[in-house]
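Have a look at the structure below, then the notes.
The values are calculated or read from the model by the stated rules, or taken from the named source; none is laboratory data. The shown structure was predicted, so the numbers you read here are calculated from the model rather than taken from an experiment. Neighbour counts are summed over all protein chains in view; Cβ atoms, including those assigned to glycine, are modelled from backbone coordinates with ideal geometry. Accessible surface areas use protein heavy atoms only, side chains included; no ligands, DNA or RNA. Shrake-Rupley method; radii C 1.70, N 1.55, O 1.52, S 1.80 Å.
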Amino acid sequence: MPAPQHRQSRITGALLRWYRRNGRALPWRRENDQYRILVSEIMLQQTQVRRVLELYPRFLKRFPTFRSLANARTSSVIRAWRGMGYNNRALRLQQTARTILQQHDGKLPGTVETLQQLPGIGRYTAHALVCFVFGEPVPVVDTNIIRVLSRLFPRAISRDRSGKVNVEAVWTAARSILPRQNAYRWNQALMDLGATICTSFNPQCDRCPVTAFCPSAFRIKKRSPGTKKVEPGREGIPNRLYRGKVVEVLRNVNGRRFLSFSHLAKQVKPNYGERDKRWLRGILHGLERDGLIATKRRGSTLLVSLPE
DNA sequence: GACCCGTGGCT
DNA sequence: TAGCCAAGGGT
């Protein structure tokens, strides 16, 4: 292992060189439009690049600006989000667009603190925007970078008894190693390495540009048993999948028409029965509370649709 | 801090 | 194949 004082610059140099030749050509890179970068960051939250590549252009064509998104019906935004998952993100993205127009003169705030007050923008996304939109040398820590840095710096980044990494230590390490002159490319390079080489399962250490500096190289243990968490659900299917199904069914209802509870129930759960009624009402109540659906009564029947 | 929030590909 | 995993955030 090289001398410690040279190790960091050797690592950054090697990874930046690798990125120059092997970085992925993603449409939101080299993008100047801050709205388009924001949309990409929201879409990429817990969502694989491949899926975003498919749906990103379609969404931008439908909503090309902050204003077009802010002025749109929420139902049309939810429809444009089809296939992305985590539909709450679509609601928060629209709300953020509205807040930016109403309170920030139509422009994205330039500080982590202010960005993080917008709905759907947390610590990671706020830092990502400050770096990727405004070009400032701030670190970024996402699931890829947690994995890469915890493998490169296992002594500085501790783990608890169950093997979970100390995320705060990752932020400190990321801030420490960040090359200020190449912050944008460095952060992108770290994420590309994590996504393509330093993967969670079966990492390709023989193709990694920083194996010589990595104490974990060729020593990644296969993940231990793991405790499968049991999600609340119905007949073994988690409730959130039913939530997604409800929204998907309503997407396919024409215009602003409502669907009756019984029609919806049969499409959401093929073997729907009277015993499921209370449960499904709970699902709908949760969706309405989140703002993902709207309901009204006509006589004794409940009518459901996407929100205005 | 634990739990919840979609979707689909991969091993 | 059943569980893991993916550019996180809100409550």
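Tabulated values for the structure
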item	result
Karplus-derived HN-Hα couplings along the range A:110-118 (A = 6.51, B = -1.76, C = 1.60, θ = phi - 60°), whole Hz, x at Gly and Pro	x, 10, 4, 4, 6, 4, 6, 7, 7
Accessible surface, per residue, of the range A:182-281 when the full set of protein chains is kept, probe 1.4 Å, Å²	64 Å²
Span from the the range A:155-205 Cα centroid across to the the range A:212-290 one, whole angstrom	31 Å
Degrees separating the helix A:4-22 axis from the principal Cα axis of chain A, which is the longest one	60 degrees
Table column - 3J(HN,Hα) (Hz), the range A:102-108, Karplus curve with 6.51, -1.76, 1.60, x for Gly and Pro	7, 10, 10, 6, x, 10, 5
Average accessible area per residue (Å²) across the range A:19-88 - probe 1.4 Å, nucleic acids and ligands excluded	55 Å²
Neighbour-limited loop hits for trypsin sites (Lys or Arg not before Pro), the range A:204-286 (at most 14 other Cβ within 10 Å; DSSP other than H, G, I, E, B)	A:Arg219, A:Lys221, A:Lys222, A:Arg223, A:Lys228, A:Lys229, A:Arg256, A:Arg257
Percent of alpha-carbon pairs separated by more than 20 Å within the range A:4-213	59 percent
Near-label residues of the range A:76-107 by backbone N, under 13 Å of a point 7 Å along Cα→Cβ of A:Glu113	none
Magnitude of the charge dipole, chain A, Cβ model with Lys/Arg +1 and Asp/Glu -1, debye to 20	800 debye
Over the range A:122-165, volume per residue of the alpha carbon convex hull, in Å³	82 Å³
Dipole axis of the range A:233-305 (+1 Lys, Arg; -1 Asp, Glu on Cβ), positive-most option in A:Tyr272, A:Leu241, A:Leu302	A:Leu302
Of all accessible heavy-atom area on chain A, the percent that carbon and sulfur account for (1.4 Å)	48 percent
Folded to 0 to 90 degrees: helix A:167-177 orientation relative to chain A principal axis, Cα	50 degrees
Net dipole in debye of the range A:233-305 [+1 Lys, Arg Cβ; -1 Asp, Glu Cβ; about Cα centre; nearest 20]	180 debye
0 to 90° range, to nearest 10: angle between helix A:34-43 axis and chain A longest Cα axis	80 degrees
Long-range amide H partners of A:Arg234 with built H, under 5 Å	A:Asn239
Interchain or long-range residues, amide H under 5 Å from A:Leu302's placed H	A:Phe261
Phi-based couplings in Hz for the range A:87-94 (Karplus 6.51, -1.76, 1.60; Gly and Pro marked x)	4, 4, 4, 5, 5, 5, 4, 5
Placed amide H near A:Phe134: partners under 5 Å, 5+ positions off or other chain	none
Accessible area of A:Cys208 in the full protein assembly, 1.4 Å probe (Å², nearest 10)	30 Å²
